[in-house]
Amino acid sequence: MKTLTLFYLETCPYCIRAKRAIEELYAENTAYRDIELKRIEESREPDIAERYDYYYVPTIYDGNRKLYEASPSQDYASIKDSIRNAFDDAIG
């Protein structure tokens, strides 16, 4: 199974929503649990975050390919749908 990289900030409200969405998605589709999700808190690991091209968090990458980058106008449903799309891409 693929490994996805999730960039986030601990206090970011969109990241908090994404965390909740991920847990709900795991409950809804057990196949998503097989995806290895490498979580990088960008303020704790800036040297890794600098290697990727994104502005907003949360952001999900498959290798160097960006699957999702949040936008400031996203509501919870949109965040969850975007993460679901990234997970679906990962499980093929």
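Of the conditions (1) open to solvent by 50 Å² or more (accessible area, probe 1.4 Å); (2) within 12 Å of the chain's Cα centre (by Cα); (3) without any contact (Cβ under 8 Å) to a residue 24 or more places away in the chain, Glu36 fails just one. Which one is it? Among (1) open to solvent by 50 Å² or more (accessible area, probe 1.4 Å); (2) within 12 Å of the chain's Cα centre (by Cα); (3) without any contact (Cβ under 8 Å) to a residue 24 or more places away in the chain, the lone unmet condition for Glu36 is (3).
Considering (1) touching a residue at least 24 places away in the same chain (Cβ under 8 Å); (2) surrounded by 14 or more Cβ atoms within 10 Å (Cβ to Cβ), the lone condition that Ser78 does not fulfil carries the number (1).
Residue-wise test of (1) more than 12 Å from the chain's Cα centre (by Cα); (2) part of a helix (DSSP H, G or I).
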{"position": "Ala27", "(1), (2)": "yes, yes"}
{"position": "Ile40", "(1), (2)": "no, no"}
{"position": "Ser71", "(1), (2)": "yes, no"}
{"position": "Ala77", "(1), (2)": "yes, yes"}
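Within the range 49-69, the residues that satisfy the criterion of being over 13 Å from the mean Cα position of the chain (by Cα) and open to solvent by 30 Å² or more (accessible area, probe 1.4 Å) are Glu50, Arg51, Tyr52, Asp53, Tyr55, Asn64.
Contact map, the range 12-33: first residue free of Cβ contacts under 8 Å to residues at least 60 places away in the same chain, second residue open to solvent by 40 Å² or more (accessible area, probe 1.4 Å), Cβ cut-off under 8 Å, separation 6 or more or different chains; pairs are Cys15/Tyr8; Cys15/Leu9; Lys19/Tyr8; Arg20/Tyr76; Tyr26/Arg33; Tyr32/Ile91.
The values are calculated or read from the model by the stated rules, or taken from the named source; none is laboratory data. Model, not experiment: these values are computed from the prediction. A quick note on method: Cβ atoms are made from the backbone with ideal geometry, for glycine too, and the neighbour counts reach across all protein chains shown. Remember, those area values only see protein heavy atoms, side chains included, never the ligands or the DNA or RNA. Shrake-Rupley method; radii C 1.70, N 1.55, O 1.52, S 1.80 Å.
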